[in-house]
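Trainee: First, the structure itself, so that you have it in front of you.
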Amino acid sequence: MANVIVKGLKKSFGNNEVLKGIDLHVDSGEVVCIIGPSGSGKSTLLRCLNRLEEINGGEVNVNGVNISAKETDINSVRKNIGMVFQHFNLFPHLSVKENITLAPVELDVLSKDEADKKALDLLNQVGLDDKADAYPNSLSGGQKQRVAIARALAMDPDIMLFDEPTSALDPEMVGDVLNVMKDLAAQGMTMVVVTHEMGFAREVGDRVIFMDGGYVVEEDLPSVLFSNPKEERTKSFLDKVL
Ligand code: ADP
Ligand code: MG
């Protein structure tokens, strides 16, 4: 069962404390959207969830495993966590299919044949059937991001983390990527999504978390947080972005 429990998480870079005691829980099948101003620590929080950053205090539990414990095999934890970044990070020298099959084959999760078949299924799921043999350079930003999502899904993760997946896209590409994410949510995927797409957060999010200055300022159902925020800082942020 996928869940994330974060308690009192602190993270500093040098003497800049960017996460000042974060509590967060994400239940199995939940879609939690994280919003907040630039520099508030959203990306750092997401990166702490799969230990791309070492933490300075508190605890991060994923599927019941304390991921910062010395004895934890972080690679086995990461197999169950897919991550999608703003800037795709596809391997330019590999075809679309090779980008998708690389991790499951290298990590001995699937045979080459199984991985190829799965890649084609996933490309179908993200609407890119015809791009298996294309190279990343020939794709639009929106297509690249859908490949990046397919690549993350190839490991059959039980949690998907998205860090502003549509922020680098031309406006006409955003909808296709959000629709893929929406389908994924409808299939019951556990998702943590840092996003500036308030429409997506409102429609697809089960909960929305507003972060500012390294704190969770407020969290609530989207219908409540967007229409009736309790905190001044949430109100002034929403006034600027809505
Ligand atoms: P957000 O994603 O909300 O814009 P970030 O988590 O990227 O915020 O950044 C929060 C703060 O942490 C910023 O002040 C940023 O400069 C700092 N920061 C993030 N990553 C690093 C890093 N690798 N080294 C030093 N400072 C960093
Ligand atoms: Mg960020």
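Each value in this text was obtained by applying a stated rule to the coordinates, not by laboratory testing. Just so it is clear, the structure is predicted and the values come from calculations on it, not from any experiment. Here the Cβ is made from the backbone with ideal geometry for all residues, glycine too, and neighbour counts use every protein chain on show.
Trainee: Could you calculate the contour length gain from Phe91 to Ser236, that is, 0.36 nm times the residue separation minus the distance between their Cα atoms, to one decimal place in nm? Kindly include the intermediate steps, with their values, before the conclusion.
Mentor: Numbers: separation 145, 0.36 × 145 = 52.20 nm, distance 4.00 nm.
Full extension of this stretch gives 48.2 nm more.
Trainee: Roughly what would the spin-label model give for Ala134 and Glu71, points 7 Å off Cα along C-beta, in nm?
Mentor: 4.9
Trainee: I need the semi-axes of the equivalent ellipsoid of the stretch 4-92: take the C-alpha gyration tensor, multiply each eigenvalue by 5, square-root it, list largest first in whole angstrom.
Mentor: Numbers: eigenvalues 69, 65, 44 Å².
So the three semi-axes of the stretch 4-92 are 19, 18, 15 Å.
Trainee: May I ask you to work out the translational diffusion coefficient for the stretch 109-242 at 37 °C, viscosity 0.692 mPa s, via Stokes-Einstein with Rh from the Kirkwood sum over Cα pairs, reported in whole µm²/s? Display every interim value, and only then the final one.
Mentor: Values: Rh = 16.4 Å.
Roughly 200 µm²/s, to the nearest whole number.
Trainee: Can you tell me the 0 to 90 degree angle between the C-alpha axis of helix 232-241 and the longest principal axis of the chain, rounded to 10?
Mentor: 40
Trainee: Give the peptides 97-110, 125-138 in descending order of average Cβ contacts within 10 Å, highest first.
Mentor: By packing density, highest mean first, the sequence is 97-110, 125-138.
Trainee: Near the amide H of Ile22, under 5 Å away, which other amide H atoms are found, from residues 5 or more places off or on another chain, if H is placed in the peptide plane?
Mentor: Gly8, Leu9, Lys10
Trainee: Follow-up. Which angle from 0 to 90°, rounded to the nearest 10, does the C-alpha axis of helix 112-125 make with the longest principal axis of the chain?
Mentor: Approximately 60 degrees, to the nearest 10.
Trainee: Relative to the longest principal axis of the C-alpha atoms of the chain, give the angle of the C-alpha long axis of helix 141-153, reported between 0 and 90° and rounded to the nearest 10°.
Mentor: 90
Trainee: Taking +1 at the Cβ of each Lys and Arg and -1 at the Cβ of each Asp and Glu, which of Pro229, Asn80, Ala134 sits farthest along the dipole of the chain towards its positive end, judged by Cα position relative to the Cα centre?
Mentor: Positive-end residue among those listed: Pro229.
Trainee: When the gyration tensor of the chain is built from Cα positions, what are the square roots of 5 times its three eigenvalues, in whole Å, from largest to smallest? List each step's numbers first, then the result.
Mentor: On the way: eigenvalues 175, 96, 47 Å².
They are 30, 22, 15 Å, listed largest first.
Trainee: Can you pull out the GluC sites (Glu not before Pro) in the stretch 1-60 that DSSP calls coil and that have at most 16 other Cβ atoms within 10 Å?
Mentor: On the way: sites: Glu17, Glu30, Glu53, Glu54, Glu59; in loops: Glu30, Glu53, Glu54.
Those that pass, being in a loop and sparsely packed, are Glu54.
Trainee: To continue, here is another question. In Å and from the alpha-carbon atoms only, list the Rg and Dmax of the stretch 103-166.
Mentor: Here Rg and the maximum Cα pair distance are 11.9, 33 Å.
Trainee: Taking the stretch 141-185 as the region of interest, what is the percent of Cα-Cα pairs per 5 angstrom bin, listed from the shortest bin to the one with the maximum distance?
Mentor: 5, 22, 36, 25, 9, 3
Trainee: Which whole-number percent gives the relative contact order of the chain, counting Cα pairs below 8 Å spaced six or more residues apart? Let's see the in-between values first.
Mentor: Working: 455 pairs, mean separation 64.2, N = 242.
That works out to 27 percent.
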